[in-house]
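The values are calculated or read from the model by the stated rules, or taken from the named source; none is laboratory data. Please read all numbers here as calculations on a predicted model, not as lab measurements. Cβ placement follows ideal geometry from the backbone for every residue including glycine, while neighbour counts extend to all protein chains displayed. Accessible surface areas use protein heavy atoms only, side chains included; no ligands, DNA or RNA. Shrake-Rupley method; radii C 1.70, N 1.55, O 1.52, S 1.80 Å.
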Amino acid sequence: MPIRFASSPRSSIGIEWELMLVDDRGDLAGEAPGILAALEGRPGITGELLTNTVEIVSDPHARVADAVRDVRERIAEVRAVAEPRSIGLLSAGSHPSALWHEQRIAEATRYDKLIRRTQWWGRNMLIWGMHVHVGVERRAKVMPLLAELGATLPHLQALTASSPYWAGEETGYASNRALVFQQLPTAGLPWALDDWPAFEGFVDDLVRTGVVDDETEVRWDARPAPRWGTLEVRACDAPSSLHELAAVAALTQCLVERGSRRLDAGRAPAPLAPWFHRENKWRVARYGLDAVTIVDAGGREQPVREHLAELLIELAPIADELGCAEELGGVERILELGGGADRQRAVARAHDGDLAAVVRHLRAEFDAERPLAAPGEG
């Protein structure tokens, strides 16, 4: 099954951000159909599986700052329609107290087949994420880059982990979303495929057996996006602020560019064993930025925070060249204040477990566009 890979400028970047719609009480509000109708198909603002969600999509750009500017402007357009309806916006990997069975599925969406097939698990996808597309200039690089990126997918997941609560319960996980989403039949960690023909063969197998209609239904944590000529990173919870979104986008762009330079220099990727990748994903879902991950084939372990600090030093020259040094610096602020899950839990502790206070905190972070120190911290 030949799959064309579009032409795309190297290390160009595009951002997708799924946002919750909430009412004055902070409860999810199924108002997306009306808001989208009022916006009359404005580019970069779309619906999603559930009527409580809008997705903001940037145009492709060379610089993270320009993609973030698109996102900010499109959020302003949504707000202009939503606020007169007493609808607000917030972002996290999950809503602290919402119940999946109270949500409405959007009518006539591309997800109809998914829900028919997956039933209860599909209906349970009350989760929000961010996706980052990074341009790849040659199709032959795509699968090696995907293998190269596998070692740092946990770091991106840890930085955005913001779904510790599920249906009003403390899950004990920093990113419950990561484990919920991988229940879909084509989601989770990517299979180790050596090259593009191997990917085409994989998709052909799935199409012939009725698993998917095309490659867009492969929902890996990172995947090729042939239509756009990009590598798409999908491992992240939706971050709570625009500042975090920019920081993680910059880190993703730099990591892909680093991998591309290594391939140009003839350095083949040295991926970890699949069982190490699986363990790393679970560890960061469980512990977020406090996780200790396996960092080489020999089983050496290192705290995520420590490894991220080293990465920031290594990637600084690349960030300067790509024009995203300021945004990459936002990773340090996340490390200082703690991840989204940490901040939510601190707010809950300060308010005797009141999750309504956590929702108010999330709304404040989103409106401020920056991570906020939780009560008694920072």
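Side notes on the structure shown:
- Some residue of segment 85-94 being open to solvent by 30 Å² or more (accessible area, probe 1.4 Å) and of a type outside the set (D, E): yes
- Looking across segment 1-39, the residues that are in a strand (DSSP E or B), of a type in the set (A, V, I, L, M, F, W, C) and either in contact with a His (Cβ under 9 Å, 6 or more places away or on another chain) or open to solvent by 20 Å² or more (accessible area, probe 1.4 Å) (or both) come down to I13, I15, W17, M20, V22, L28.
- Among the residues of segment 70-82, none qualifies, meaning not one is crowded, with 19+ Cβ neighbours inside 10 Å and either in a loop (DSSP other than H, G, I, E, B) or modelled with pLDDT under 95 (or both).
- Some residue of segment 100-119 being open to solvent by 10 Å² or more (accessible area, probe 1.4 Å), in a loop (DSSP other than H, G, I, E, B) and closer than 17 Å to L362 by Cβ: no
- Qualifying positions in segment 249-264 - touching a residue at least 24 places away in the same chain (Cβ under 8 Å) and acidic (D, E): E257
- Residue count, segment 353-369 (criterion: at positive phi and without any contact (Cβ under 8 Å) to a residue 40 or more places away in the chain): 1
- The number of residues in segment 329-364 that are more than 25 Å from D24 (Cβ to Cβ), in a helix (DSSP H, G or I) and open to solvent by less than 10 Å² (accessible area, probe 1.4 Å) comes to 4.
- Tallying residues that are of a type in the set (D, E) and farther than 28 Å from G93 by Cβ within segment 288-323 yields 3.
- Screening T293 with (1) exposed (fewer than 15 other Cβ atoms within 10 Å of the Cβ); (2) not in a helix (DSSP H, G or I) gives one miss only, at (1).
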